[in-house]
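See structure below.
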Amino acid sequence: MNRNKNSILIFLPKNDFNEEEFTIVKNRLLKAGKHVFITSDDHFICTGNKGMKVKSDTNFFNINENNFSALVLIGGHGSRSYFKNEFLHKIIKRFNDAHKIIAAICSSPVILARTGVLNNKKATCFSENKMELINARIDYQDKNLVVDGNIVTANDSHSAMQFAETILHLTK
């Protein structure tokens, strides 16, 4: 068995990540037998929008995309502080260049747009951020979930279970 087929990396903003999205996605992936690893730019503790504390397994400066089948970016207000984070953009580009699944929910699809991996692709995001995608000339879709090639985007926490199921399907 190829271990990286079962290993999924979840990026959490160090502050104000969406706890509901994270919990639903992580629990569904674990229930399906996936190995879930948490990363952030802060190696210690990430704090959710309602105070949940999550210890990251590694900071994102140590990520090797070849160890994972997918990169999942959880949203929330905290993801906005990563819209212009060049190091995270480089990691996303490396995952994309390696043809890995890249999944982003809520506000985090804007990060994908800023890296260029959504160029010539359809995508969705949290409604408050849709102009970010439109202004970046991304084919914005007013849908709960969009899959285009190796990219999965979802609009908000109400789509989190469908988002997780789609990631599972694509990483079989």
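Details
- Helices (runs of 4 or more DSSP H) (entirely within the stretch 86-172) containing at least 2 residues that are within 25 Å of Asp41 (Cβ to Cβ) and out of contact with any Asp or Glu (no Cβ under 9 Å at 6 or more places or on another chain): 86-97, 109-115, 160-170
- Flag for Gly75 being part of a loop (DSSP other than H, G, I, E, B), under 22 Å from Ile167 (Cα atoms) and either among the polar types (S, T, N, Q) or more than 15 Å from the chain's Cα centre (by Cα) (or both): no
- Where a residue in the stretch 124-152 is within 28 Å of Thr171 (Cα to Cα) and its partner, wherever it lies, is crowded, with 16+ Cβ neighbours inside 10 Å and aromatic (Phe, Trp, Tyr), with Cβ under 8 Å and at least six apart: Thr124/Tyr140; Cys125/Tyr140; Lys130/Tyr140; Leu133/Tyr140; Leu145/Phe163; Val152/Phe163
Rundown of residues vs (1) closer than 23 Å to Asn155 by Cβ; (2) at pLDDT 95 or above; (3) not acidic (Asp, Glu), yes/no style:
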{"residue": "Asn15", "(1), (2), (3)": "yes, yes, yes"}
{"residue": "Glu19", "(1), (2), (3)": "yes, yes, no"}
{"residue": "Leu29", "(1), (2), (3)": "yes, yes, yes"}
{"residue": "His35", "(1), (2), (3)": "no, yes, yes"}
{"residue": "Asp42", "(1), (2), (3)": "no, no, no"}
{"residue": "Lys50", "(1), (2), (3)": "yes, yes, yes"}
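- Filtered residues of the stretch 25-67 (kept if under 16 Å from Glu86 (Cα atoms) and touching a Cys at 6+ places or on another chain (Cβ under 8 Å)): Ser40
- Scan of the stretch 50-60 for residues that are of a type in the set (S, T, N, Q) and buried (at least 18 other Cβ atoms within 10 Å of the Cβ), ordered by number: Ser56
- Close pairs (9 angstrom Cβ cut-off, 6 or more residues apart or separate chains): on the phi > 0 side of the Ramachandran plot in the stretch 87-114, surrounded by fewer than 24 Cβ atoms within 10 Å (Cβ to Cβ) and among the charged types (D, E, K, R) anywhere: Cys106/Asp156
- Test: residue in the stretch 61-78 that is under 18 Å from Ile111 (Cα atoms), at pLDDT below 95 and surrounded by fewer than 20 Cβ atoms within 10 Å (Cβ to Cβ): yes
The values are calculated or read from the model by the stated rules, or taken from the named source; none is laboratory data. Since the model is a prediction, treat every value here as computed from it, not as a measurement. Note: ideal-geometry Cβ built from the backbone for every residue, glycine included; neighbour counts use all protein chains shown.
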